[in-house]
Structure formats: C-alpha cells, structure tokens
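The values are calculated or read from the model by the stated rules, or taken from the named source; none is laboratory data. On a predicted model such as this, the values are computed, not experimentally measured, just so you know. Here the Cβ positions follow ideal geometry from the backbone for every residue, glycine too, while neighbour counts run over all protein chains shown. The accessibility values were calculated without ligands, DNA or RNA, using every heavy atom of the protein model including side chains. Shrake-Rupley method; radii C 1.70, N 1.55, O 1.52, S 1.80 Å.
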Amino acid sequence: MAHLSDLVNLNLSDSSDKIIAEYIWIGGSGMDVRSKARTLSGPVDDPSKLPKWNYDGSSTGQAPGEDSEVILYPQAIFKDPFRRGNNILVICDCYTPAGEPIPTNKRHNAAKIFSNPDVVVEEPWYGLEQEYTLLQKEINWPLGWPIGGFPGPQGPYYCGIGSGKAFGRDIVDAHYKACIYAGINISGINGEVMPGQWEFQVGPSVGIKSGDELWAARYILERITEIAGVVVSFDPKPIPGDWNGAGAHTNYSTKSMRNEGGYEVIKKAIEKLGLRHKEHIAAYGEGNERRLTGRHETADINTFKWGVANRGASIRVGRDTEKEGKGYFEDRRPASNMDPYIVTSMIAETTLLWNP
C-alpha cells in the first residue's frame with residue numbers, strides 16, 4: 001500500500017510526457033504570493049511558449065465581483081524543487097482581459113524602464129539581501145524565543161551557531177538548496193542580529209531578472225515554511241524595542257560604475273538618489289518608519305546620508321570600491337517587504353534616466 005509521501009514524490013516522467021506548471025503571481029496586498037497549477041502536454045523552457053491563464057481577481061482584492069477575470073502572462077520559468085523532474089514554477093504578471101496591466105502589476109512598469117536603451121547599455125546589476133523572521137505558527141512569536149518572554153540581548157546570534165543561537169537552520173538550508181535547484185542565482189545565507197531572523201541574498205542579477213528571482217525565492221520560502229509548520233514574516237520591525245528590524249538592502253552597479261573612473265559615477269548617482277529621497281522612501285516598503293529610526297544599523301527615515309563602510313547611512317559604499325575607484329554601492333533603505341520590481345527599477349530610473 002502506497003504512503004502519501006510515495007504519491008507526492010511520484011516521478012511523472014516514468015509514465016507520461018506531461019508536466020505540471022505552477023503559475024505564481026502577486027496578490028492584492030502586494031506581498032501575498034498566490035499560485036495554482038495546470039497540466040501541460042510536455043516540457044517547456046520558454047515563457048513565451050506557455051499559455052496565458054486567468055484567475056478570480058475578486059478573491060485576491062484585484063478585481064470587482066461583476067468583472068473578476070484577471071489574466072496571467074507567464075514571464076519567467078524556474079525548475080520546481082517540490083515536484084522536480086520537468087515540472088516548473090512560472091512567475092507571472094497580471095492584466096485585464098483587454099491587455100492592460102492591473103494596478104498591482106508592478107513588473108510591467110519595471111520592464112519598461114529596464115528595456116529603455118539608456119538603461120540596457122549600462123547593464124544594471126543588483127544584489128538583493130532579503131531579511132526575514134521565522135515565527136512560531138500558533139502564537140506568531142519568533143522561533144526559538146520563550147513563549148511570552150524574550151531571549152538574551154542581541155550579540156551572539158549574528159552568524160551564530162549552536163542550539164541556543166541559531167533557530168530554524170534546517171528551513172534556511174532547505175530553502176538555499178531549493179533555490180539553487182530552481183535556477184535562482186542565490187548567492188548566500190546567514191543568521192541575522194535578532195534571533196529567529198535570517199537573510200538570503202539573490203544576485204548579481206541583471207535588470208528585471210532580479211525581481212523575478214527574488215519573488216521566486218520568496219515563493220519557495222513560503223512553501224517550505226508551510227511544510228515545516230512555521231510562519232515567515234517580512235515585517236520590517238516584527239518585534240518593537242531594542243531588536244533589529246528586517247530590511248532588503250539593495251546592492252547596485254552599472255557598467256560605468258564597474259569600469260575605471262566608476263567611483264565618480266557612483267558619487268553622482270548617490271547625489272541624485274539624495275535629491276529623490278522622499279519619493280524612494282515612499283516606495284521602499286510599508287511600515288519602514290518603524291525600522292528606519294537611526295538605531296540598529298539604520299539611518300533616520302527623514303535623513304539622507306552616505307558613507308564608506310557606514311552601516312548607519314542611507315547609502316553605504318564598500319572599502320574595496322573606494323580603494324579601487326570603481327564598483328558598486330548599497331542602498332540600505334528598502335524594507336524587507338519591499339517590491340523588488342519597484343525598488344530596482346526606481347534606482348535605475350533615478351540614476352540613469354532622471355535629470356534634476
């Protein structure tokens with residue numbers, strides 16, 4: 001008699017050419033990832049060869065009940081680490097039946113910015129540092145924390161090892177390997193300053209791919225925590241008080257910044273970012289004012305400043321970049337719940353297309 005795990009792990013290629021495609025999209029809140037699956041007649045490796053699909057937008061806060069159909073446009077394909085074989089994950093964006101992007105479709109505008117010739121020629125690279133907090137499911141309290149109480153103060157947990165310092169490593173490592181399997185350019189993981197908080201990094205990725213890869217990585221993380229019976233939170237300040245918040249530091253460079261003389265290009269780009277500080281802050285995630293206080297390795301939300309190796313700055317430039325006269329910089333302002341399509345495209349737009 002087959003067990004449930006045997007059936008879940010069936011290898012479809014033993015008996016059929018058919019595959020399962022999991023269509024993934026972003027729901028009405030801007031952070032709720034949704035998905036559903038369909039059967040395809042055979043393997044597909046090009047999103048343009050995938051059929052469009054639809055869903056009930058009135059159930060996701062994206063359409064009225066009397067006109068609820070929203071159309072999914074496949075945009076990126078990743079290997080499915082859960083079903084494996086030739087099965088795939090499909091990142092989609094959302095349109096009306098008339099072909100207009102719905103208001104919550106932030107990918108559409110990002111793709112326009114990244115396809116601008118002045119942006120394409122600069123090959124913008126991004127490295128996204130996604131922080132998140134693992135919570136005990138029934139009580140929404142960080143993993144490893146005593147129920148109704150607090151652990152010892154911050155200090156031993158950042159990149160810590162041992163059962164009293166690292167909580168949820170099995171989830172983190174499962175996610176790391178699943179992302180590599182899927183074809184996501186995940187570049188590392190580490191335990192964070194607050195216990196129960198972790199980070200993974202995606203990149204370097206070029207242009208729109210950075211957003212596709214981060215959303216796919218978030219989807220995989222949500223699925224793994226679902227299996228583990230744990231909640232993942234992207235709240236930028238999950239625990240009030242003397243505890244670090246959660247961000248999504250965004251590392252950025254262009255071809256001109258990576259070439260000789262790039263440090264001067266970097267400084268000019270940072271100057272432009274400073275002039276649009278308020279606009280960027282408004283787009284960098286909900287609840288960010290609880291995180292950007294000027295404490296816990298942040299700059300105050302109302303202040304723009306940059307510095308070399310300064311983790312209390314809005315923009316940090318690395319020592320190597322200063323020394324070599326070229327490289328990249330880190331925008332430390334985005335919150336952990338930011339939309340990578342918005343943040344990456346806005347940085348490109350401000351630094352490459354906007355003229356003060």
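Within the stretch 3-34, if we keep just the residues that are aliphatic (A, V, I, L, M) and free of Cβ contacts under 8 Å to residues at least 12 places away in the same chain, the residue that is farthest from ASN54 (Cα to Cα) turns out to be LEU4.
Being closer than 30 Å to ILE26 by Cβ, over 21 Å from the mean Cα position of the chain (by Cα) and open to solvent by 20 Å² or more (accessible area, probe 1.4 Å), is that true of even one residue in the stretch 282-298? Yes, that holds for at least one residue. Identify all residues within the stretch 316-345 that are more than 26 Å from GLY30 (Cα to Cα), in contact with a Ser or Thr (Cβ under 8 Å, 6 or more places away or on another chain) and either without any contact (Cβ under 8 Å) to a residue 60 or more places away in the chain or not in a loop (DSSP other than H, G, I, E, B) (or both); write none if there are none. Answer for the stretch 316-345, where residues must be more than 26 Å from GLY30 (Cα to Cα), in contact with a Ser or Thr (Cβ under 8 Å, 6 or more places away or on another chain) and either without any contact (Cβ under 8 Å) to a residue 60 or more places away in the chain or not in a loop (DSSP other than H, G, I, E, B) (or both): just PHE329. Restricting attention to the stretch 156-176, the residues that are open to solvent by 60 Å² or more (accessible area, probe 1.4 Å), of a type outside the set (Phe, Trp, Tyr) and assigned to a loop (DSSP other than H, G, I, E, B) total 5. Taking the conditions (1) touching a residue at least 60 places away in the same chain (Cβ under 8 Å); (2) over 22 Å from GLY285 (Cα atoms); (3) in contact with an Asp or Glu (Cβ under 9 Å, 6 or more places away or on another chain) in turn, VAL121 satisfies each one other than (3). Kindly check whether there is at least one residue in the stretch 45-57 that is at pLDDT 95 or above, within 26 Å of the chain's Cα centre (by Cα), surrounded by 14 or more Cβ atoms within 10 Å (Cβ to Cβ) and assigned to a helix (DSSP H, G or I). Yes. Please determine, by comparing only the residues of the stretch 101-120 that are assigned to a helix (DSSP H, G or I) and in contact with a strand residue (DSSP E or B) (Cβ under 6 Å, 6 or more places away or on another chain), which one is surrounded by the fewest Cβ atoms within 10 Å (Cβ to Cβ). Ranking the candidates gives HIS108 first. Filtering ARG107, ARG34 for residues that are in contact with a helix residue (DSSP H, G or I) (Cβ under 7 Å, 6 or more places away or on another chain), charged (D, E, K, R) and closer than 25 Å to SER336 by Cα leaves a single hit, ARG107. For the stretch 206-241, filtered to residues that are in contact with a His (Cβ under 8 Å, 6 or more places away or on another chain) and either open to solvent by 10 Å² or more (accessible area, probe 1.4 Å) or small (Gly, Ala, Ser) (or both), the residue that is nearest to ILE24 (Cα to Cα) is ALA217. Only one of the listed residues (PRO64, PRO97) is more than 19 Å from TYR181 (Cβ to Cβ), touching a helix residue (DSSP H, G or I) at 6+ places or on another chain (Cβ under 7 Å) and open to solvent by 50 Å² or more (accessible area, probe 1.4 Å). That residue is PRO64. Evaluate the following for GLU123: is it part of a loop (DSSP other than H, G, I, E, B) and either closer than 30 Å to VAL90 by Cα or touching a His at 6+ places or on another chain (Cβ under 9 Å) (or both)? The answer is yes for GLU123.
Between ALA313, ALA348, which is part of a loop (DSSP other than H, G, I, E, B) and either surrounded by fewer than 19 Cβ atoms within 10 Å (Cβ to Cβ) or small (Gly, Ala, Ser) (or both)? Matching residue, one of ALA313, ALA348: ALA313. Filtering the stretch 130-150 to residues that are of a type outside the set (Gly, Ala, Ser) and either touching a Cys at 6+ places or on another chain (Cβ under 8 Å) or open to solvent by less than 30 Å² (accessible area, probe 1.4 Å) (or both) leaves GLN130, GLU131, TYR132, THR133, LEU134, LEU135, PRO142, TRP145.
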